[in-house]
Amino acid sequence: MRFLAVCPGGFDSTAARQIADASLFDLVMLVEKSLLHAVGGGRYAMHPLLRQYALEQLVTHDEARAARQRQSSYYLDLLTAATEDFAGAGQRNALDRLDAEADNVRAAWLWAGEQGDWIALHRAAASLYEFLHIRSHYGDGQQLCRHLIG
């Protein structure tokens, strides 16, 4: 549960597996214990107070850096993989997926910037630009870039 707290926009089972090594069984058990809730479309979310507690526990267990790195890698890879879909028949699906993951992509981008992971940022930059351009989220793009230079 601690590792899943680094996903501010909720997550799906694939993200949970990659970021927290959580199986579908683990997710079901967390839902049954009311530590997560299913929000539809195969996505899960954590109550803000539980998320705050889990983030504090990450720090207590000295796992925050590892969890954020896994989250950043997963979502920047997801963003990069969408590049090909933007120009093809899969554009709508790619945009819908990134819309659902926007908070997670933003967190991944900011973490990579804080860590100076310029290679990951460079690899994902064209996809981020395309996504923000197609969705006309120019202000979001400016804010993300300002964070890198500020």
First in the range 58-73 and closer than 21 Å to I119 by Cα, second anywhere and among the β-branched types (V, I, T) and open to solvent by less than 80 Å² (accessible area, probe 1.4 Å), Cβ under 6 Å, 6 or more apart: A67/V6; R68/V6; R70/I19; Q71/V6; Q71/I19
Lone unmet requirement of (1) out of contact with any strand residue (DSSP E or B) (no Cβ under 6 Å at 6 or more places or on another chain); (2) touching a residue at least 40 places away in the same chain (Cβ under 8 Å) for R43: (1)
In the range 76-108, the residues that are closer than 20 Å to L36 by Cα, part of a helix (DSSP H, G or I) and not small (G, A, S): D103, N104
Selection within the range 61-75 - among the hydrophobic types (A, V, I, L, M, F, W, C) and over 19 Å from T14 (Cα atoms): A64
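Determine whether R123 is charged (D, E, K, R) and farther than 19 Å from F11 by Cα. Give the derivation first.
Numbers: charged (D, E, K, R): yes; farther than 19 Å from F11 by Cα: yes.
Here the answer is yes, as R123 does meet what is asked.
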Residue pairs meeting the criteria (Cβ under 9 Å; at least 6 apart or on separate chains; first among the acidic types (D, E), in the range 10-31; second not in a helix (DSSP H, G or I)): D12/G41; D12/G42; D12/R43; D12/Y44; D12/E101; D26/M1
Pairs with Cβ under 9 Å, 6+ apart, first in the range 124-148 and within 13 Å of L110 (Cβ to Cβ), second surrounded by fewer than 14 Cβ atoms within 10 Å (Cβ to Cβ) and of a type in the set (D, E): H147/E114
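Here is a yes/no grid of residues against (1) over 15 Å from G9 (Cβ atoms); (2) buried (at least 18 other Cβ atoms within 10 Å of the Cβ); (3) of a type in the set (V, I, T); (4) in contact with an Asp or Glu (Cβ under 8 Å, 6 or more places away or on another chain):
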{"residue": "D77", "(1), (2), (3), (4)": "yes, no, no, no"}
{"residue": "A89", "(1), (2), (3), (4)": "yes, no, no, no"}
{"residue": "L98", "(1), (2), (3), (4)": "no, yes, no, no"}
{"residue": "E101", "(1), (2), (3), (4)": "no, yes, no, no"}
{"residue": "V105", "(1), (2), (3), (4)": "no, yes, yes, no"}
{"residue": "G113", "(1), (2), (3), (4)": "yes, yes, no, no"}
{"residue": "L128", "(1), (2), (3), (4)": "yes, yes, no, no"}
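The values are calculated or read from the model by the stated rules, or taken from the named source; none is laboratory data. All of these numbers come straight from a predicted model, not from anything done at the bench. FYI the Cβ positions are ideal-geometry reconstructions off the backbone, even for glycines, and counts take in every protein chain you see. Heads up: the accessible areas ignore ligands, DNA and RNA and are worked out on the full protein's heavy atoms, side chains in. Shrake-Rupley method; radii C 1.70, N 1.55, O 1.52, S 1.80 Å.
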